[in-house]
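A quick write-up on the structure given underneath.
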Amino acid sequence: MTDKENESHINTQLVHAGERQSLNQVTPVATPIYSTATFTYESMEEIDQVFSGEKAGYIYTRYGNPTIAGLEEAVRTIEGGATACAYATGMAALHAALLACDLKPGSVVVASQDLYGATTALLNNIFGAFGVKTIFLDFSNLELLKRTVKENRPQVLVAETISNPLLKICDIEACGEIASEYSARLVVDNTFASPYLCQPLKHGADLVVHSATKYLSGHADAMGGVVVSRDEMDKGALVSVMKLAGGVLGVWEAHEIMRGIKTLGLRIERQCSNAQRLAAALSKHELVGRVYYPDAATDNAARLLRQPFLCALVSIELTENTRAAAFSFMDSLKLCVRSTSLGDVFTSVLHPATASHRDLLPARRRELGIADGLIRISVGIEDVADVLADIEQALKVAHKVE
């Protein structure tokens, strides 16, 4: 504060004291939280240069912020992309990625039938209302996929690295080749795998989307989304959507997610190890009708995922494959948390039929293999013996076993 400012009225000092301090070339070892809506410069000429892009800098946090830029650079780096843009949620990120592919009335999207329910709704209800047609099909049937793409010439293919909730591994390389052959772009939701297990851009994807709320953050305390593109030319479109649609990530959330990323490898390795042990135990359990977990022997797993790890989620169908049994099981859990998210340090459970895929008609859920007794388990970093014991006691309650 200058001598002149020291002479100011207390109300003026309250507003300005301590603000706009120069760092004098000091570099913080951790990215600070730049909790400011706007930025100012020494002159209008500088502001004009920053607005025009002649000079690097920040003007308004809706347009960009150093804290958020730090997160974007972190995710860009670990995904191996050319550019990245962060958003308020994973759905906002997916929306932006699709818009960056220049969808317009009359455009066609070919999407995996095994998608998060909200992704399906976004394509049908939002893009569909503006004349974008979406064709859903089984991406594991590559012959059908290629024939459909050839006949319909879509602009975009949409898939998930590991599907929600049946945990199928998409052959990203084959899908990328099909997309490229017919001048389409492949958008891959990599949330379930995280960049630690898979980097889809290296296998043929054009844009990768994350719900950063999940594994990137990992602590159930921040929401966010990120899009990473292999092409620097996508930056303008991605930033434009952020500016105009306003799905801007908060700086506090960006800081929390960036901090979470630092332990992603440690968490994922423990979670995957726990999940593999849990899947093996439950596959032999008399009160579990079926276990869904990726098969390490498949070609897709070997080519796409960081070995020896597969997935940090396990989905199970109860022997009594009903909604009532599923609810009873989930209500009886004492350690595992009933949660509508995943990827956190604690083990959580979700009932897809009433949560992630609630908006699908029951008949459609059955077609996709999402039974009323299906439960998705996001495995945490606890001691796996404690997690298994909790699940086993809840299974007995659900099946009325003494």
Which one, Glu392, Glu181, Glu269, has the greatest fluctuation when you compute a Gaussian network model over the chain with C-alpha springs under 10 angstrom?
Glu181
Under the Karplus relation 6.51 cos²θ - 1.76 cosθ + 1.60, θ = phi - 60°, what is the ordered set of whole-Hz ³J(HN,Hα) values for the stretch 319-333, x standing for Gly and Pro?
4, 8, 7, 10, 4, 4, 5, 4, 5, 4, 4, 5, 5, 8, 5
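Where Lys and Arg each count +1 and Asp and Glu each count -1, what net charge lies around Phe127 among other residues with Cβ under 15 Å from its Cβ?
Numbers: positive: Lys104, Lys133, Arg185; negative: Asp102.
Residues near Phe127 contribute +2 overall.
Between Glu7 and Phe346, what length comes free when the chain is fully extended (0.36 nm per residue of separation minus the Cα-Cα distance, one decimal in nm)? Present the calculation step by step, with values, prior to reporting the outcome.
Numbers: separation 339, 0.36 × 339 = 122.04 nm, distance 5.42 nm.
This chain segment gains 116.6 nm when fully extended.
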What translational D, rounded to a whole number of µm²/s, comes out for the stretch 159-297 from Stokes-Einstein when the hydrodynamic radius is the Kirkwood one over Cα pairs, at 4 °C and 1.567 mPa s?
77 µm²/s
Non-local amide H neighbours of Gly289 (under 5 Å, H modeled in plane, Pro and chain starts lacking H): which ones?
Glu317, Leu318, Thr319
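Which FRET efficiency value, to the nearest 0.05, do you get for Arg366 and Val401 by plugging their Cβ-Cβ distance into 1/(1 + (r/R0)^6) with R0 = 22 Å?
On the way: r = 27 Å, r/R0 = 1.22.
Taking R0 as 22 Å, the efficiency between Arg366 and Val401 is 0.25.
Can you tell me the mean projection area, over all orientations, of the convex hull of the chain's alpha carbons? Units nm², please.
Spelled out: convex hull of the Cα atoms, projected over all directions, averaged, 23.6 nm².
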Once the piece of chain linking Ser35 and Asn141 is laid out straight, how much longer is it, given 0.36 nm per residue of separation minus the C-alpha distance between them?
33.3 nm
Using modelled backbone amide H atoms (1.01 Å from N, in-plane), which distant-in-sequence or interchain residues come within less than 5 Å of Leu186's amide H?
Leu157, Asp206, Leu207
Could the peptides 296-302, 213-219 be put in order, highest first, of the mean number of other beta-carbon atoms found within 10 Å of their residues?
213-219, 296-302
Translational diffusion of the stretch 65-261, µm² s⁻¹ [Kirkwood Rh, Cα pairs; Stokes-Einstein; 4 °C; 1.567 mPa s]
79 µm²/s
Amide H to amide H under 5 Å from Ala111: which residues, 5+ apart in sequence or cross-chain, H placed 1.01 Å off N in plane?
Ile135, Phe136, Leu137, Val158
Which whole-angstrom value gives the distance between the alpha carbon centres of the stretch 238-293 and the stretch 27-51?
33 Å
Helix 235-245 versus the longest principal axis of the chain: what is the Cα-based angle in degrees, 0 to 90, to the nearest 10?
90 degrees
The stretch 264-398, convex hull of Cα, quarter of hull surface, nm² -> 8.1 nm²
Along the stretch 156-169, Karplus-curve 3J(HN,Hα) (6.51, -1.76, 1.60; θ = phi - 60°) to the nearest Hz, with x for Gly and Pro, reads 9, 10, 10, 9, 10, 4, 10, 6, 10, x, 8, 6, 7, 8
Which one of Ser283, Ser43, Ser180 has the biggest mean-square fluctuation once the chain is modelled by GNM with Cα springs under 10 Å?
Ser43
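Using the alpha carbon gyration tensor of the stretch 53-159, what are the three equivalent-ellipsoid semi-axes (square root of 5 times each eigenvalue), largest first, in whole Å?
31, 16, 13
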For 318-331, 245-258, ranked highest to lowest by mean beta-carbon neighbours within 10 Å, the order is 245-258, 318-331
Residue-ordered couplings for the stretch 198-214, obtained by feeding phi - 60° into the Karplus form 6.51 cos²θ - 1.76 cosθ + 1.60 and rounding to whole Hz (Gly and Pro as x), are 8, 10, x, 4, 6, 10, x, 6, 9, 9, 10, 10, 10, 7, 5, 4, 8
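Counting Lys and Arg as +1 and Asp and Glu as -1, what is the net charge of the other residues whose Cβ lies under 11 Å from the Cβ of Ile162? Don't skip to the end; give the middle numbers.
On the way: positive: Lys168; negative: Asp114, Glu160, Asp189.
Neighbourhood net charge equals -2.
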Dividing the helical contributions, -39500 (n - 2.57) per DSSP H run of n ≥ 4, by the residues of the chain yields a 222 nm value, nearest 500 deg cm²/dmol, of -11000 deg cm²/dmol
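Computed from the coordinates by the stated procedures, all read-outs in this text should not be read as laboratory data. No experiment lies behind these values; they were computed from the predicted model shown. Note that each Cβ is placed from the backbone with ideal geometry, even for glycine, and that neighbours are counted across all protein chains shown.
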